[in-house]
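Note sheet for the following structure.
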C-alpha cells in the first residue's frame, strides 16, 4: 500500500525568520514526522507548492488537481494550509478512483506544542481505510468537504 | 461518536525516576496528547492498569476483557505495552459489537522524539473508520491480531 | 541572591496566530523555562513591555532604564529582542551598582528547536558571577555592549 | 577561549531502557545541545566514560583526574551523573591552573521536559567567568564541592 504525499505549504511548514522578523514556509516537515514515528508504510513525497493557502490561485488548484489526476497512485495525502483546504478539496472531487485526504495544522510542525504530528497521522491512517473520495483530516476527525467548515474564531474544523 | 479510552500502562507512559535510576509508569499521557492536538471528539479516559505489559497476568487480561465487555460504548482505544499487545488483543476478539484498537509506543510519550502522538492519532482515527473487531495501530499501519507480530530486533510491528 | 527579571518582548516570546496568519508576542516564557529547569534561585519577574525590539522607542528605553534604576535589586536579567539589544544595553550603562545581563533568542521559546532556554540559562548564570556593569548573553558568550554587534546574515552576536 | 568537554555518562545521556535493553546510556547529547543553541565558542568533546555515576570506581575517577591533569586546556566542562558528582569534583580539586565545572541532569536530555539544556548552558557560561578551581553547576546555581550536597528527596543540589 503506497501513499503519494503532496505538500503545498500552509502553517504546518512555517518557519521563523529572525532576520526578517516574520514567518515563512520552509521545507516540508512531513518526512521528519513519518520517520520520527517509525512509519513502515511505503510513501513518496512530492513537494509541489510552498504557499500560504490564502495565496493559492485557480492555477495552483489546477496544478494540484492535474498532479493528482495524472498520477497512477490510488492513495493521496495532501498537506495544505487550513484557510482554503475545503476549497481545494472540493476542486478535487471529480477525480475518480482515488482516496484523497487533505490535512494541515494550526500550529507549525516546528513548534514544541503542535497539532501537526497528530493530523498527519490521522490523514495517513484514514487514507488506508476510506473509500474512494476526498476528505479532510483535522482535529482527530474525518470530514467530507461539502459538510465541513473552518471555525476561524475557535481555530478548528466543524460539521456544517 | 464517543470513544472510550482505556489505559493499561506500557512504555508509552513511562517516566524517569532519577532517585531510583530507572523508568517507571507514570500518569497516562493520552489526555495531554488529545488536548494538545485540539481533538474535538468526545472521549472518556478510564485508567485501568499501570503495568509493563510483560507483567500482565491472566487476571489483568480478564479485567481488561470484562471492562470492555461490560461497557455499552461501541468504540474503544486501549493504550498498552507493546511486548504483549497482540496477546491482549487476541483475548478481546470474542467481544461482539465493538471496534477495539490497541496502540502503544516504543519511546515514552514524555520523550522529545516519540512515536506516542502518532500512534495515538492512528488509533483514534482507525476506531472511527473500522468495522467491529479488534485491531492494533502501530508504525502507521492497522494490523489484525492474528496476522501480526512484534519484530523486537527492528523495534516495529509487522505482518506475520 | 535574588534576581529581578524584566521582560520586554522580542522573538523569544513570539507565538503564532493561525487565524491571523501572523506572529505576535505572547506571555513571557522565562518563568516556564526556569521552572522546567528546577532553578532554585530566588527571582521575581516584571513583565514590562511586549514589543519587537525594532519598535522600541526612546520612551520605552527610558522606561526600562528608570525601572532598573529605581529598583533596589542588584542583579537584573532583561529578555529583549535581539535587533536592538545592544542599543538598550548601552542606554543602561550609566546605572551604578548593578549587574545587568540582557538576553533574547533567534528562535521563539515555543519552538522545539530554540536557543531560548540556553540563552536564559547563560544570562541567569552570568548575572551571579559578573562585576557591576551591563552585558549581553548570546550564543553561549558574554559580550560588553560597546564591543559587540549582531551579525544579521549569520544570525548571531559577535565581537566588534 | 576554548573549552574542553569531557562526558562521563549519567542521567543526562540516558536513553529509554527496560529489562530487555542492552544499554542505558547513549551517545553524549551535549554536542546537539550546543549546536542547537548556536553556541559560537570553540570547544572539543572527549567522550571518556558512559557510566551511571553510582557505578564509577576509583579507577574511573583516576582516569577523569588524569585526563584533565594531562590536558593543556585551562577550561573544562564535565558532564556527569548527579549521584556522585560531588565526589568526583572533590577528587579533581588538586589539579592547578584550571577552571573545571561539573554538571549533569535529573531528566535525560532526550526528554521533552529536561533540565539538561539549562544545566549545560550554566556550566559553559560559568567556566568562562570563574577563577581556577572546581565547581558544580546545577539548578541554576554554582556550587563549591565542599559546600554542596544533593538532596535526593527534593531532586536538587543545595548548600551544605
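The values are calculated or read from the model by the stated rules, or taken from the named source; none is laboratory data. Everything numeric here is computed off the predicted structure, so don't read it as measured data. Ideal geometry is used to build each Cβ from the backbone, glycine not excepted, and the neighbour counts take in all protein chains shown.
Which members of the stretch B:6-22 meet the condition of being surrounded by fewer than 23 Cβ atoms within 10 Å (Cβ to Cβ) and either outside any strand (DSSP E or B) or at the interface with another protein chain (Cβ under 7 Å from one of its Cβ atoms) (or both)?
B:18, B:19, B:20, B:21
Being within 14 Å of chain C (Cβ to nearest Cβ) and crowded, with 20+ Cβ neighbours inside 10 Å is the requirement here; does residue A:89 meet it?
No.
Quick one: residue A:62 ticks every box in (1) out of contact with any strand residue (DSSP E or B) (no Cβ under 6 Å at 6 or more places or on another chain); (2) crowded, with 19+ Cβ neighbours inside 10 Å bar one, so which box is it?
Answer for residue A:62: the failing condition is (2).
Within the stretch C:28-46, which residues are free of Cβ contacts under 8 Å to residues at least 12 places away in the same chain and in a loop (DSSP other than H, G, I, E, B)?
If the condition is that a residue be free of Cβ contacts under 8 Å to residues at least 12 places away in the same chain and in a loop (DSSP other than H, G, I, E, B), then C:38, C:40 are the ones that fit.
Looking at residue C:118, is it within 14 Å of chain D (Cβ to nearest Cβ), over 16 Å from the mean Cα position of the chain (by Cα) and within 27 Å of residue A:22 (Cβ to Cβ)? Let's see the steps before the verdict.
On the way: within 14 Å of chain D (Cβ to nearest Cβ): yes; over 16 Å from the mean Cα position of the chain (by Cα): no; within 27 Å of residue A:22 (Cβ to Cβ): yes.
No: the conditions fail for residue C:118.
Any idea which of (1) under 30 Å from residue B:109 (Cβ atoms); (2) outside any strand (DSSP E or B); (3) touching a strand residue (DSSP E or B) at 6+ places or on another chain (Cβ under 6 Å) is the one residue D:113 doesn't satisfy?
Every condition holds for residue D:113 apart from (3).
Can residue A:101 be described as within 16 Å of the chain's Cα centre (by Cα), within 14 Å of another protein chain (Cβ to nearest Cβ) and assigned to a helix (DSSP H, G or I)?
In short, no.
Checking the condition surrounded by fewer than 24 Cβ atoms within 10 Å (Cβ to Cβ) and closer than 30 Å to residue A:158 by Cα, which residue from B:107, B:128 passes?
Selected residue: B:128, the only one of B:107, B:128 that is surrounded by fewer than 24 Cβ atoms within 10 Å (Cβ to Cβ) and closer than 30 Å to residue A:158 by Cα.
Only one of A:67, A:82 is modelled with pLDDT of 95 or more, outside any loop (DSSP other than H, G, I, E, B) and either over 13 Å from the mean Cα position of the chain (by Cα) or away from chain B (no Cβ under 11 Å) (or both). Can you tell me which?
A:67
Assess whether residue D:64 counts as being in contact (Cβ under 8 Å) with a residue 40 or more places away in the chain and touching a helix residue (DSSP H, G or I) at 6+ places or on another chain (Cβ under 9 Å).
yes
Could you grab me the full set of residues in the stretch C:23-37 that are surrounded by fewer than 20 Cβ atoms within 10 Å (Cβ to Cβ) and closer than 20 Å to residue C:121 by Cβ?
Scanning the stretch C:23-37 gives C:27, C:31, C:32, C:35, C:36.
With the requirement that a residue be within 10 Å of chain D (Cβ to nearest Cβ) and either modelled with pLDDT under 95 or more than 24 Å from residue D:119 (Cα to Cα) (or both), what does the stretch C:121-158 give you?
Once the filter is applied, which keeps residues that are within 10 Å of chain D (Cβ to nearest Cβ) and either modelled with pLDDT under 95 or more than 24 Å from residue D:119 (Cα to Cα) (or both), the stretch C:121-158 yields C:151, C:154, C:155.
For the stretch D:47-60, what are the residues that are part of a helix (DSSP H, G or I) and under 13 Å from the mean Cα position of the chain (by Cα)?
D:53
For the stretch B:116-145, enumerate the residues that are in contact with a helix residue (DSSP H, G or I) (Cβ under 7 Å, 6 or more places away or on another chain), more than 29 Å from residue D:107 (Cα to Cα) and in a helix (DSSP H, G or I).
Once the filter is applied, which keeps residues that are in contact with a helix residue (DSSP H, G or I) (Cβ under 7 Å, 6 or more places away or on another chain), more than 29 Å from residue D:107 (Cα to Cα) and in a helix (DSSP H, G or I), the stretch B:116-145 yields B:125, B:126, B:129, B:145.
Applying the selection to the stretch D:104-113, what residues are within 9 Å of another protein chain (Cβ to nearest Cβ) and touching a residue at least 60 places away in the same chain (Cβ under 8 Å)?
D:105, D:106, D:107, D:108, D:109, D:110
In the stretch C:68-113, what residues are out of contact with any helix residue (DSSP H, G or I) (no Cβ under 8 Å at 6 or more places or on another chain) and within 17 Å of residue C:138 (Cβ to Cβ)? Reasoning before the result, please.
So in the stretch C:68-113, the residues out of contact with any helix residue (DSSP H, G or I) (no Cβ under 8 Å at 6 or more places or on another chain) come out as C:68-74, C:94, C:96-97, C:110-112.
Selection gives C:111 alone.
For the stretch A:146-160, which residues satisfy the criterion of being touching a helix residue (DSSP H, G or I) at 6+ places or on another chain (Cβ under 9 Å) and in a loop (DSSP other than H, G, I, E, B)? First the steps, then the outcome.
The initial filter retains those residues of the stretch A:146-160 that are touching a helix residue (DSSP H, G or I) at 6+ places or on another chain (Cβ under 9 Å), namely A:146, A:148-150, A:152-153, A:155, A:157, A:159-160.
Of everything in the stretch A:146-160, those that are touching a helix residue (DSSP H, G or I) at 6+ places or on another chain (Cβ under 9 Å) and in a loop (DSSP other than H, G, I, E, B) turn out to be A:152, A:153, A:155, A:160.
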